[in-house]
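Below is one structure, written out as structure tokens; comments come after it.
The values are calculated or read from the model by the stated rules, or taken from the named source; none is laboratory data. What you see is a predicted model; the values in this text were computed from it and never measured. Note: areas computed on protein heavy atoms with side chains; ligands, DNA, RNA excluded. Shrake-Rupley method; radii C 1.70, N 1.55, O 1.52, S 1.80 Å.
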Amino acid sequence: MKLVIPIKPKAQTRPKFSRRVGAYEDKKMKDWRKNCTYLVSSLYKGKMLHRPLKVEVTFYLKAPESISKKPTERTRPKRKQEYQDLIDEKIFVPKKPDLDNLEKALYDSISNSCKIWKDDNQIVEHTTRKIYSLNPRIEIEIKEM
């Protein structure tokens, strides 16, 4: 089962602390997870999965302006090739956000939807990557083992 979630990937943030409230989550993170949970709930039409799972996730992150700007006629061939690699979604992201924090936010959102799996501890094997794209989104493929 493959699911394309049309949301800009966001890494799970660390909890914040205050003397009056104690530990709490950043509002932007809470809103993102709520939106992601809603999207998963509305997109997934299959049955609840109960067996061990194999998951493959690709996080398509917004490309920086330095590579996403369309080259002109006079642009060097190397730069034109870089732009074409961006269009073809072949450029990996070797910097923040960390993969584990992106996964945490996604997996918690899926768990909260109560549609695909009961808990992300059912995942026994996973492959995750992050790639620059002009179309930020999350693609996830889930298979029962």
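Got a number for carbon plus sulfur as a percent of the chain's accessible area, 1.4 Å probe?
Here carbon and sulfur together make up 51 percent of the probe-accessible area.
Which whole-number value in Å² is the accessible area per residue of the chain, probe 1.4 Å?
With the other protein chains kept in place, the chain gives 66 Å² per residue.
Which whole-number percent gives the relative contact order of the chain, counting Cα pairs below 8 Å spaced six or more residues apart?
47 percent
Could you work out which residue, out of N121, N101, N35, moves most in a Gaussian network model of the chain, that is, has the largest mean-square fluctuation with Cα springs under 10 Å?
N121
Which sequence of H126, H50 reflects their accessible areas, 1.4 Å probe, from the largest down?
If we order H126, H50 from most to least accessible, we get H50, H126.
What aspartates and glutamates could a cross-link reach from K10, if we take a straight Cα to Cα line under 13 Å and drop same-chain neighbours fewer than 8 places away?
Answer for K10, where 13 Å is the Cα cut-off: D26, D31, D98, D100, E103, D108, listed by chain and number.
Against the empirical 2.2 N^0.38 Å scaling, what ratio does the C-alpha Rg of the chain come to?
1.21
Quick check on the stretch 1-75: take the gyration tensor over C-alpha atoms, sort the square-rooted eigenvalues as a ≥ b ≥ c, and tell me if it's rounded (a/c under 1.5), prolate or oblate.
The shape class here is oblate.
K78: which lysines have alpha carbons under 30 Å from its alpha carbon, excluding same-chain residues fewer than 8 sequence positions away?
In chain and number order, the partners are K8, K62, K69, K70, K90, K95, K96, K130.
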